[in-house]
Structure formats: C-alpha cells, structure tokens
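To keep things clear, I will list the structure first and then write my remarks on it.
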Amino acid sequence: MMTLALRGINKLGNALTHRQRRFILDRLGLAAILTNLPSDAFDELLLPNGIKLSTNPLLHSNLSKNGCLDYEDDVVHVIERYLGPGDVFYDVGANVGVFAFLAATIVGEKGVVFAFEPEPNNVLCFRRSLERAPVRNVELRDCALGGEDGTMVFDRRGGAFSGRLVEGKNEIGSGGTRDIQVRSIDSLLAGGMRPPKLIKIDVEGGEGLVLEGAREMLSKYRPPVLCEMHPDNQDGVSRAFSALADAGYICRSIERSTKQADDIISGPRATNSTYHVLALPD
C-alpha cells in the first residue's frame, strides 16, 4: 500500500513543471519532509541488457511504463552509436544509472563508465544496483561536476530528477538544499582519470558550469557531447552553448521523433521544454 501511495505522489509531481514543483515545496514547507522520508522502499526496473536497476517508488516511478523502461530512446540511440568496446563513458547527472548501466555492457570489460551523481536518494539506489549488477566497470562518484573544484549549494527542491547547483543566494529556498563537493572534468583528468569517448550531461540547468570546467578536455580530446538543455535556467543553457562554440563544436538536435533531428542549433531555443543536443567537433 505504501509503495502504491508513493508511486501516486510521483505521478502527481511529474505532472507539474520544474518551477511549479519548487514553488509548492517552498510555500507548503514540504521540501524538508520529502527529503527525510524513509528510503528503504525499492522497486526494480529491468533494463534491456538484463541488469536490474533499483529505484525509489516515490522518486523514480516515471522511469517505467508497465514495468518496462520508458525513458529517452533518442539518448540511448546516441550512446549505442558513439560507444564501442573498450571506450570510456562519462555519465554526468547519472540519476539512478539508466544510461550508465546500459553503457557498461557496450564498453565491456576493457572499457569504463564514470557516473557522477550528487543527489543522495539517487546515489542510494545506484549503489544498491551496483551491489547486485554483474558488471565491474562502473565507477560512481557521489559529487557534482562544475566549473572548478570546491563546494557549492545543491538545490534538491525539484525532486530526484531536478536537483541542481545554485550560484546565487536568491535561488536558494527555505529547505531541501545542502552543500556538496564539486569537481571539474579538467581537474579529474589532471589527476589521472581516463578521458571520455562520449559524455552525457543532464544536470538540470548546470550544463554551462560542467562545460566551462571541461575546456581543456574539449580542446584536447574532442569527444562528442550529448547534453540536455534546461530552459528553466536560461543562463546555464547560454553558457553551455558558448562553451561548446568556443571549443569549436557544432550542436545538432537528436529528436528523431520530430523533423528537427540533425538540425543545427546555434543557441538556446525559444521553448519552455527541455531538449537534447549532440555537440560534435567541427
């Protein structure tokens, strides 16, 4: 009964926009309550490669439809196209690991998946999946990626799929925030981390920060960058496009379900909906 109730709350929350969820959590003071809900209720989602993914019924029920994966086929298509055996995949904003675990079987034993996820509920589910999954090539880093190494405020009010770094005090609400460790990609590479063959970024408006902290990597290694743009934070979107343009990348739409697939995108779209771009070196 509790699991069914949590799933119902999840469906209701996902019917709202990111901004509406943040408003309700602030005004009604629910952010702290949701943050402190017990995290010992789990669902399991079977991925196409046979790996069982642990999820939280309150936070992640929208990942499945009739018990099957129902999440961003266009992203999966890009991952399958640009990754191969022995490759390195960076999953930035990995959530509970849908794409990380799918990529793990593509890159194989000689490859590696580095997954970056700071949201505690997501990390808990991810680690539970790691304990049970028949893969040894996924490394989870429970930190955020940004422009430089340090500590920043992480806003959790939007839910498990909408947490993001905040830079200004005016963005911070009455609850649901915490200080977290932030690393830059350039710093991680300088410390010996293997460079990526493909990067996927989904950080709810912090995409500009991630790419600004990866300028040397983009210049030296030139990997494709698959990035979800979040118009709720137009500054982050603009900074992401600027960082990619400065590095000599061209952005294209990946939305195969529309006529916009492969269209060149030179800057932020006039839309309130999220959208994906695939940035390739010119």
What distance in nm separates the simple spin-label points at residue 272 and residue 110, each placed 7 Å from Cα in the Cβ direction?
-> 5.0 nm
At what distance in angstrom do the alpha carbon centres of region 49-83 and region 92-116 lie from each other?
-> 12 Å
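Mind giving me the FRET efficiency for residue 148 and residue 76? R0 is 41 Å, r the Cβ-Cβ distance, nearest 0.05 is fine.
Numbers: r = 32 Å, r/R0 = 0.77.
Efficiency, from the Cβ-Cβ distance: 0.85.
Just subtract the alpha-carbon distance of residue 66 and residue 263 from 0.36 nm times their residue separation and send over the number in nm, one decimal. Walk me through the numbers on the way to the answer.
Working: separation 197, 0.36 × 197 = 70.92 nm, distance 3.30 nm.
Full extension of this stretch gives 67.6 nm more.
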For 208-218, 233-243, 44-54, 142-152, ranked highest to lowest by mean beta-carbon neighbours within 10 Å, the order is 208-218, 233-243, 142-152, 44-54
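Bear in mind that the values in this text are calculations on the coordinates, not laboratory data. Worth saying up front: this structure is predicted, and the values here are computed from it rather than measured. Cβ sites come from the backbone with ideal geometry, for glycine too, and all protein chains shown count toward neighbours.
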